[in-house]
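Asker: Below: one structure in structure tokens.
The values are calculated or read from the model by the stated rules, or taken from the named source; none is laboratory data. As the structure is a prediction and not an experimental result, all values here were calculated from the model. Neighbour counts are summed over all protein chains in view; Cβ atoms, including those assigned to glycine, are modelled from backbone coordinates with ideal geometry.
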Ligand code: ADP
């Protein structure tokens, strides 16, 4: 059953910056359609792990497998095309465009092709379908009511959700998010986590989250990896990791 398989896997991933080993033989498995969280104190290697997986950094050792392909050291745009989308990789939303337009530009639109331009009726039909699809995507991230708002008028959390909408429009299978609820009030943070959790449930999208506000985010996770000083020190369900003495030690000193 493809929906229960592993979509992302690292094997003994190692990354050094000069004398510092930021990742030390890190092996993780992310299940397709899961909301997987990476937590750990500042400087523990979370960002480096995502950077190496998404091609922004090349590993010194180890392998990265995504959706059945070895993507170790592949350039970011190729990994993006395979459906591993890190939200900040998407060209910055054009903040003067409205929310709907920003989702539309993230879609692959054949109307822009000079070969298709003469076929205007066909193009119009496609445009209409794209709008329908974009509105459906906006509904899934709670931005339906804001569809005609200029993007610069969105709050920080809503802008993050617009990025998620754009990732969906671009055909994401896995969306990697850095602190999706950073700076967001608890009520809206819960709403955001609910939308993300539904994407995984309803569309089978995989979500990989780096999050610091574990009190809020942890209950939404299917599986958690805890890092400290470049290694995975604990993994399991939210309950398992939050009861692990090693995790408490890292967080409480
Ligand atoms: P986290 O995301 O968990 O806060 P990072 O992955 O950003 O941790 O950083 C892990 C370690 O690697 C830190 O000690 C950090 O200072 C170091 N580091 C990260 N990126 C670089 C870089 N480009 N050059 C040198 N050191 C880096």
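Asker: Scan the stretch 3-22 for residues that are over 20 Å from the mean Cα position of the chain (by Cα) and within 16 Å of the ligand (Cβ to nearest atom) and report the count.
Answerer: 9
Asker: Can you tell me which condition residue 29 does not meet? The list is (1) modelled with pLDDT of 95 or more; (2) within 16 Å of the ligand (Cβ to nearest atom); (3) closer than 18 Å to residue 235 by Cα, and all the others hold.
Answerer: Condition (2) is where residue 29 drops out.
Asker: Go over the candidates 194, 253 one by one and state the one that is at pLDDT 95 or above, away from the ligand (no atom under 16 Å from the Cβ) and surrounded by fewer than 19 Cβ atoms within 10 Å (Cβ to Cβ).
Answerer: Working: 253 fails: at pLDDT 95 or above.
That would be 194, the only listed residue that is at pLDDT 95 or above, away from the ligand (no atom under 16 Å from the Cβ) and surrounded by fewer than 19 Cβ atoms within 10 Å (Cβ to Cβ).
Asker: Do we find that residue 233 is surrounded by 15 or more Cβ atoms within 10 Å (Cβ to Cβ), closer than 14 Å to residue 141 by Cα and in contact with a helix residue (DSSP H, G or I) (Cβ under 7 Å, 6 or more places away or on another chain) in this structure? Steps first, answer last, please.
Answerer: On the way: surrounded by 15 or more Cβ atoms within 10 Å (Cβ to Cβ): yes; closer than 14 Å to residue 141 by Cα: no; in contact with a helix residue (DSSP H, G or I) (Cβ under 7 Å, 6 or more places away or on another chain): yes.
In short, no.
Asker: While we're on this one: Which residue pairs have Cβ atoms under 6 Å apart, sit 6 or more places apart or on different chains, and have a first residue in the stretch 57-82 that is touching a residue at least 12 places away in the same chain (Cβ under 8 Å) and over 16 Å from residue 29 (Cβ atoms) and a second that is within 16 Å of the ligand (Cβ to nearest atom) and outside any loop (DSSP other than H, G, I, E, B)?
Answerer: Here the result reads 57/51; 59/13; 59/15; 59/52; 60/14; 60/15; 60/16; 61/14, each pair linking the stretch 57-82 to a residue that is within 16 Å of the ligand (Cβ to nearest atom) and outside any loop (DSSP other than H, G, I, E, B).
Asker: Suppose we keep only residues that are more than 23 Å from the chain's Cα centre (by Cα) and closer than 21 Å to residue 48 by Cα within the stretch 230-250. Which one would you say is modelled with the highest pLDDT?
Answerer: Within the stretch 230-250, the match that is modelled with the highest pLDDT is 247.
Asker: Do the conditions hold for residue 244, that is, is it touching a residue at least 12 places away in the same chain (Cβ under 8 Å) and away from the ligand (no atom under 14 Å from the Cβ)?
Answerer: Working: touching a residue at least 12 places away in the same chain (Cβ under 8 Å): yes; away from the ligand (no atom under 14 Å from the Cβ): yes.
For residue 244, the condition - touching a residue at least 12 places away in the same chain (Cβ under 8 Å) and away from the ligand (no atom under 14 Å from the Cβ) - is met.
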